[in-house]
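Reviewing the structure listed below.
The values are calculated or read from the model by the stated rules, or taken from the named source; none is laboratory data. Everything numeric in this text was worked out from a predicted model, so none of it was measured. Heads up, the Cβs are rebuilt from the backbone with ideal geometry, glycines too, and the neighbour counts pull from every protein chain shown. Accessible surface is based on the protein model in full, side chains and every heavy atom, while ligands, DNA and RNA are left aside. Shrake-Rupley method; radii C 1.70, N 1.55, O 1.52, S 1.80 Å.
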Amino acid sequence: MLNTLLLIGGLALILLGANGLTDGSAAVAKRFRISDLVIGLTIVAFGTSAPELVISVLSAVNGSAGMAIGNVVGSNIFNVLMIIGCTALVLPIKVGDGTMSKEIPLVILSSLVLFVCANDVMLNGGAMNIISRSDGLILLAFFLIFMRYTFAIARNGVDEAGEEQKVKEMPIWKSVLYIAGGLAGLIFGGQFFVDGASGLARSWGVSDSVIGLTLVAGGTSLPELATSITAALKKNPGIAIGNVIGSNLFNIFFVLGCSATVSPLPMGNINNLDLTVLIASSVLLWLVGWFFKKRTITRAEGVLMVACYVAYTAYLIAQQ
């Protein structure tokens, strides 16, 4: 009963937080003439990735490396396939030229960098696959490069949304209050949801690796899902796509970078199949932006992405 209440309460907080965060972020963007994409890449991405950061760092400290890595890998797969897919079902997503040529390739690069860092046995002949402290520092260096690029976008006033967005105006103090309250709702709601889902999963006898890749990953990514769908309903596609891209880069470069720097992370049951799915999902995101209707992720493509995630999850469960 307690786990069920945590699930329901967490979901309610997530939905309320997503709405407040989207309104507050859009108002700040309009007031300071910052593009929706940049807001999504920074404020929204940092806030909605906070559950991954907290859970992965604590897991690393407590010696649960599989949970830390599975959380990030699973969250990024969920972000691309489920969040982009579900958002496209609500409203086809128009993707800017810069996003197609720069931001999405960065997501692919981050997946490839993680693949290299996690394959000590295959690439270096090591005794085991582990993300070491030096790997963690390399990931953090990539994160600093990404942040430098993001601030350059903001300074140059690049707007990938492609059109003037209609956002609700509000005083700056109210915008800050909406953002802070929204982040609090997302973080605590995500934590409650994960606690409830993990409790139920363990009572059903599901392994830690599957919990990390599915329930924990999906739970910590619910803020991104709620925020992106809410942004799509509010006709803010820049926030929707920017949120997922920023969160994925934040997860690999910063969350895993911090976790591995705190404590080296053995890969354990997270294997190359999971990492290959991560890379393939990132490449698929880039491809669907070009085909059928150029630079638009259509509803049909959204169905394809959701179906791919369902197939991957079904495979994980079948392996138990």
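Among G246, G125, G185, the largest mean-square fluctuation in a Gaussian network model of the chain (Cα springs under 10 Å) belongs to G125. For the chain, the longest principal axis of the Cα atoms and the long axis of helix 217-233 meet at an angle of about 20 degrees.
Taking a point 7 Å from the Cα of F291 along the Cα-to-Cβ direction, the residues of segment 249-285 with backbone N closer than 18 Å to it are 277-285. Segment 109-147 to segment 261-320: how many Å between their Cα centroids? Using only Cα atoms, the two centres lie 19 Å from each other. Measuring nothing but how far apart in sequence close Cα pairs (under 8 Å, 6+ apart) lie, relative to its length, segment 1-142 scores a relative contact order of 8 percent.
Take the Cα of A127, step 7 Å along the line toward its Cβ, and report every residue of segment 63-99 whose backbone nitrogen sits under 19 Å from that point. It comes to 65-66, nothing else. Accessible area of segment 1-153 with a 1.4 Å probe: how many percent of it is carbon plus sulfur? In segment 1-153, the share of accessible area belonging to carbon and sulfur is 72 percent.
For the residues P264, P51, P223, a GNM of the chain with alpha-carbon springs under 10 Å puts the largest fluctuation on P264.
Could you grab the relative contact order for segment 203-320? Cα pairs under 8 Å, six or more apart, rounded to a whole percent. The value is 26 percent. Once you order the gyration tensor axes a ≥ b ≥ c over the Cα atoms, which shape class does segment 237-287 get: rounded for a/c under 1.5, otherwise prolate or oblate by comparing a/b with b/c? Oblate shape, in that a/c is at least 1.5 and b/c is the bigger or equal ratio.
Evaluated with a Cβ-only charge set (Lys, Arg +1; Asp, Glu -1), the chain carries a dipole of roughly 720 debye about its Cα centre, given to the nearest 20.
Placing a pseudo-label 7 Å from each Cα along the Cα-to-Cβ vector at A300 and V116 gives an inter-label distance of 3.7 nm. In the chain, the sites counted are GluC sites (Glu not before Pro) in DSSP loop states with at most 13 other Cβ atoms within 10 Å, and the longest stretch holding none of them, exclusive of the sites, is 1-162. Only DSSP H runs of four or more residues enter the estimate; each adds -39500 (n - 2.57), and after division by the residues of the chain the mean residue ellipticity at 222 nm equals -22500 deg cm²/dmol.
The calculated FRET efficiency for D97 paired with V61, based on their beta-carbon distance and R0 = 56 Å, is about 0.85. Pairs of Cα atoms nearer than 8 Å and 6+ residues apart set the relative contact order; for the chain it is 44 percent.
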